[in-house]
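Everything below concerns the one structure shown next.
The values are calculated or read from the model by the stated rules, or taken from the named source; none is laboratory data. Please read these numbers as outputs of a predicted model, since none were measured by experiment. Positions of Cβ are generated from backbone atoms using ideal geometry, with glycine treated the same way; all protein chains shown enter the neighbour counts. Surface accessibility is based on the protein's heavy atoms, side chains included, excluding ligands, DNA and RNA. Shrake-Rupley method; radii C 1.70, N 1.55, O 1.52, S 1.80 Å.
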Amino acid sequence: MIRAVLISLCLLVVIGSFVLASKFQKPQKSSPPPLPPKVLMIGDSLSVGGFGEAVREHLEHEFGRQNVAFFASCGSSPESWLQDQPVFHTRCGYREKTPTTDVYRDYENGRRPPAVATPKIETLIERYKPTIVIVQLGTNWMDQTLSDDHIRAVLARFVSAAHGGSTRKMIWIGPPDSSRFSKVQNRIYQLIQQSVLRGDPMIDSRRFTRYLVGKTGGDGIHYNRESGEAWARHVIASIDQVLAADIAARRKLVSNR
């Protein structure tokens, strides 16, 4: 009988200590979620049209307009955006949308749009401080007789500039299928793939596109709105996959601190 009473008292003491400990224990603070990425996207004439609009609208929906800066310059290639090169004035279309600007220049009733100076990527990196840079360039190299060494040198400077400041990752959207440049598009792809940093994905747009003159477009290069938006849906899915993995990695890093 006495032994049972002693055991009961011991149990009460143990239970009481757990209750008191839990009562006065400070609640664990949950780690704040990571901030949404700040995205800078630049492109050529393919981004001036329906493809670029679809991608931009998706990025703004996902991360907020205040976190997205979008620039597209018709006729541009990577060197057009570099600070050490002459200013490239596009004369066939320009699109810019940022948290504070909204500019659109394109052909109207067959009239050429006014010339617009293409901004420099170093300036854009400094101004918008993106964590993610998305690049849609390369098509305008396909009709030029540039050497591999020249393209590699331009790409080295461009990739270095894109990774300036707070940029963590660059996503390169490769050119879509082109019936006009079918013999050279593989060469441009190889040069870009060899130049991007390890860990920076390149989206092969040829997997999602096939240029059919009269159906997807009329010049063997540019996609009409319907075909451009269809291409964009596949690219958006690829971008989402990359950014979801990046955000998950950042959350894990924050929670481990």
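Tabulated results
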read-out: 5 angstrom amide H check on Ser76, placed H, neighbours 5+ away; value: Ser45
read-out: Surface per residue (accessible, 1.4 Å probe) for the stretch 99-169, Å²; value: 52
read-out: Rounded if a/c under 1.5, otherwise prolate or oblate - the stretch 137-257, Cα gyration tensor axes; value: oblate
read-out: Accessible-area composition of the stretch 148-226, carbon plus sulfur, in percent [1.4 Å probe]; value: 48
read-out: Subset of Lys120/Lys215; Lys183/Lys215; Lys38/Lys120; Lys129/Lys169; Lys97/Lys183 violating a 24 Å alpha-carbon distance limit; value: Lys120/Lys215; Lys97/Lys183
read-out: For the stretch 54-194, the Rg and Dmax computed from alpha carbons only, in angstrom; value: 15.4, 42
read-out: Alpha-carbon centroids, the stretch 162-176 and the stretch 84-155: separation in whole Å; value: 14
read-out: Summed residue charge, Cβ within 12 Å of Asp240's Cβ, Lys/Arg positive, Asp/Glu negative; value: -1
read-out: Residue-by-residue Karplus 3J(HN,Hα) for the stretch 113-121, coefficients 6.51, -1.76, 1.60, Hz, glycine and proline x; value: x, x, 5, 10, 6, 6, x, 9, 5
read-out: Summed side-chain charge close to Arg112 - residues other than Arg112 whose Cβ falls under 13 Å, Lys, Arg +1, Asp, Glu -1; value: +1
read-out: Using alpha carbons only: equivalent-ellipsoid semi-axes of the stretch 163-223, gyration tensor based, whole Å; value: 27, 12, 9
